[in-house]
Amino acid sequence: MFRNYGTTIRLFHVSSIEELIDRLSSMAAYEDPVRKKAYLLIKFLALRGLLKVKPQEMKLPIDNHLTRIAYRLGIVRLEDWVLELMRRNIHFSRELDVELRLIVRDAWDAVVRIGKLDPIALDDFLWRLGRTVCVRDKPQCDRCPLRDVCNAHARGSFINEHNHYLTYYY
């Protein structure tokens, strides 16, 4: 990697986020097809003023928390056969896992675009919400600021994120 760019600074001297992600993707740690780690790195660099990011280029780094919240809020609606696999606790294939995470990423992108939200601030909010309130097995809906717009809360039934392909990048 550094043979191509000489220094870390030159690695990050890019004209777009897409160019940086292309450069990073040649490293095993950043080969994730949903680009979670790349977007996390971009977020951290941007927050520290080390990288200029156009908001329309930034995507949320999709992890299990953001996936679970998207399913519960109803911004991603799953087909019955997918829900049945989830209910039966079946591990999803790598291809289906990636497809669902990309759908979730597109859904959060639409939320950012339509709501004119800061994607970095939204990611921080959602990640913390997923770690502390909208947790996997026992969501604490009474503490949730989104409960009035949450489909799972309205139904009184909660799905978790799907059992995913085990990998180091989620």
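Give, rounded to the nearest 20 debye, the magnitude of the charge dipole that the chain has about its Cα centre when Lys and Arg contribute +1 at Cβ and Asp and Glu contribute -1 at Cβ.
Around 500 debye, computed over the chain.
HN-Hα J couplings of region 109-118 from phi, Karplus 6.51/-1.76/1.60, θ = phi - 60°, integer Hz, Gly and Pro as x?
Going residue by residue, I get 4, 5, 4, 4, 5, 5, x, 6, 9, 7 Hz, with x marking Gly and Pro.
How fast does region 64-155 diffuse by Stokes-Einstein, in µm²/s, taking the Kirkwood radius from C-alpha pairs at 25 °C and 0.890 mPa s?
Once the numbers are plugged in, D ends up at 176 µm²/s.
Just want the answer: with Cβ charges of +1 for Lys and Arg and -1 for Asp and Glu, which residue in M27, N151, T132 is farthest toward the dipole's positive end in region 1-151?
T132
Between R143 and E99, what is the FRET efficiency for a Förster distance of 35 Å, r being their Cβ-Cβ separation, to the nearest 0.05?
The computed FRET efficiency comes out at 0.65.
Using a Gaussian network model on the chain with a 10 Å cutoff between Cα atoms, which of H153, H65, H13 fluctuates the most?
Result: H13 has the largest fluctuation of those listed.
From the phi of every residue in region 158-164, what ³J(HN,Hα) in whole Hz does the Karplus formula 6.51 cos²θ - 1.76 cosθ + 1.60 yield, where θ is phi - 60° and glycine or proline is x?
With coefficients 6.51, -1.76 and 1.60, one gets 10, 9, 9, 5, 6, 6, 9 Hz.
We did not get these values from a lab; they are worked out from the coordinates using the rules stated. These numbers were taken from a predicted model, which means no experiment stands behind them. Quick reminder, even Gly has a Cβ in these numbers, built from the backbone with ideal geometry, and neighbours come from all protein chains shown.
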